[in-house]
Amino acid sequence: MVKKPSRILPVIIFSQFAGTSLWFASNAILGDLQGQWGLGTASLSHMTSAVQFGFIVGTLLFAFFTVADRYSPRKVYFACSWLGALANLGLYLLADGLASLLIFRFMTGFFLAGIYPVGMKIAAGWYRQGLGLALGWLVGALVVGTAFPHLIKCLNRSLPWEIVIISVSIISAAGGCLIRLLVPDGPYLVKGTRFNPRALAVIFRSRDLRSASFGYFGHMWELYTVWAFIPLLLGHYVLASRQALNVSWWSFVAIAAGGLGCVAGGLVSKRFGSAAVAFFQLLSSGICCLLTPLMFHAPPGVFLSFLIFWGIVVVGDSPQFSALTAKTAPPELIGSALTIVTSIGFSITIISIQFTNYLVGWLSIQTVFFFLVSGPVVGLTFLWPLFKDLQKRHV
């Protein structure tokens, strides 16, 4: 067994948190931007979709040109952390309206493709045993990183939005430096095969891989839309209930709670398997979609507890779906299958975000979330056969 320095996993976890804090940096300051630049309500969905689209394009190009195989993953991570930080900083230095905002958010999403997936590859280079739990920690770090800009904003409600952007950029760059300086290439680091589009046909032909993939697609229909619209949901609850709640703080808490779901899911999966964890977390999240209209009539303690629980289960199944995809894909196509499934999943988030934004213009916000249940329903339907089979084998 290869002896690992004790610092390796903590450094990777912190760096993953730091880099992915770029993801929703502009969401935390959207209210300020709307007031200063005269942005409409649709800017939330357009801005979030721009990041997702940039990530999709980046993921496909990085995979096609095997960037993390041609170069050391930690060097790729370092470069993308800095480039992503600069793209984020562009909101402060160069942006002046919706068009430039979308360009810089697309660029940020593009460089996130060299942070989130590459961080997983760095971890895989160090962990052969216990990789599932390590990935649970890493996705948990991503979740907390995603929520982090809301925390910065809530520390001082009058904090200028420029400070939030600058702080997130500095943190991202620092995370890249730590990876570069403190985490050498791992002993289990292997070269991946060249990107193979044939994996797309395998996804639809293999029953088990199709089951895992479409379960993930249903999960993604809900996940990023919930994250993007949580501040709006909280804001409307404050107006409806006339309660004095710090929207930025509770947005951070609700999203960051998902980190617990990822880590706990990783621990539980060692006993019951990834399929069981993914199935029951997706089921719980779907139930939360259905309960949202009722929660608007609940007292603050119940509403906030519900939101935290939803935050835990809405993303806790994510690492398990990745594990299921890797387990059910042909060995020679694992990398390509993961890339394609991830790209399709993030494409679905764009459709879901735009669809939800459309509904917001026609329906009350509490009713809108009810329609997100279609994602978990489809995901659970496809996941059920694999869940049954794997449970039999597990027992």
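The values are calculated or read from the model by the stated rules, or taken from the named source; none is laboratory data. Quick caveat: nothing in here was measured; it's all calculated off a predicted structure. Glycine also receives a Cβ, built like all others from the backbone with ideal geometry; neighbour counts cover every protein chain displayed.
Filtering the stretch 360-381 for residues that are more than 18 Å from the chain's Cα centre (by Cα), under 21 Å from PHE214 (Cβ atoms) and not hydrophobic (A, V, I, L, M, F, W, C) leaves a non-empty set.
Residue count for the stretch 42-84, restricted to those that are more than 25 Å from ALA124 (Cα to Cα) and assigned to a helix (DSSP H, G or I): 10.
With respect to the conditions (1) outside any helix (DSSP H, G or I); (2) crowded, with 24+ Cβ neighbours inside 10 Å, GLN243 lacks only one, and its number is (2).
Checked against the criteria, PHE306 counts as over 19 Å from the mean Cα position of the chain (by Cα), modelled with pLDDT of 85 or more and closer than 30 Å to GLY31 by Cβ. Each residue in the stretch 177-226 was checked for being in a helix (DSSP H, G or I) and touching a residue at least 60 places away in the same chain (Cβ under 8 Å), and 29 of them qualify.
Cβ-Cβ distances below 8 Å connect the following pairs, each with a first residue in the stretch 74-85 that is under 18 Å from PRO184 (Cβ atoms), a second residue that is part of a helix (DSSP H, G or I) and among the basic types (Lys, Arg), and a separation of six or more residues or different chains: ARG74/ARG180; LYS75/ARG180; TYR77/ARG180; PHE78/ARG180. The condition (being under 30 Å from ARG194 (Cβ atoms), in contact (Cβ under 8 Å) with a residue 60 or more places away in the chain, surrounded by fewer than 19 Cβ atoms within 10 Å (Cβ to Cβ) and of a type in the set (A, V, I, L, M, F, W, C)) is satisfied by just one residue among LEU22, LEU60: LEU60.
For first residues located in the stretch 87-109 and assigned by TED's automatic domain parsing to the domain that holds THR20 and assigned to a loop (DSSP other than H, G, I, E, B), partners that are modelled with pLDDT of 95 or more and among the aliphatic types (A, V, I, L, M) and lie 6+ apart or on another chain with Cβ distances below 6 Å form the pairs ALA95/LEU101.
Considering (1) at pLDDT 90 or above; (2) in contact with a Gly (Cβ under 9 Å, 6 or more places away or on another chain), the lone condition that PHE62 does not fulfil carries the number (1). Of all residue pairs spaced 6 or more apart or on separate chains, none has beta-carbon atoms under 8 Å together with a first member in the stretch 37-57 that is in the same structural domain as TYR358 (by TED's automatic domain parsing) and a second member that is surrounded by 16 or more Cβ atoms within 10 Å (Cβ to Cβ). Residues in the stretch 246-262 that are at pLDDT below 95 and not in a helix (DSSP H, G or I): ASN246 only.
The conditions of being within 16 Å of the chain's Cα centre (by Cα) and in a helix (DSSP H, G or I) are not met by GLY235. Considered as a group, the residues in the stretch 248-292 that are without any contact (Cβ under 8 Å) to a residue 40 or more places away in the chain and in contact with a helix residue (DSSP H, G or I) (Cβ under 8 Å, 6 or more places away or on another chain) include one that is farthest from THR381 (Cα to Cα), and that residue is VAL268. For ALA201, the conditions (1) among the small types (Gly, Ala, Ser); (2) in the same structural domain as LEU338 (by TED's automatic domain parsing); (3) within 20 Å of the chain's Cα centre (by Cα) are fulfilled apart from (3).
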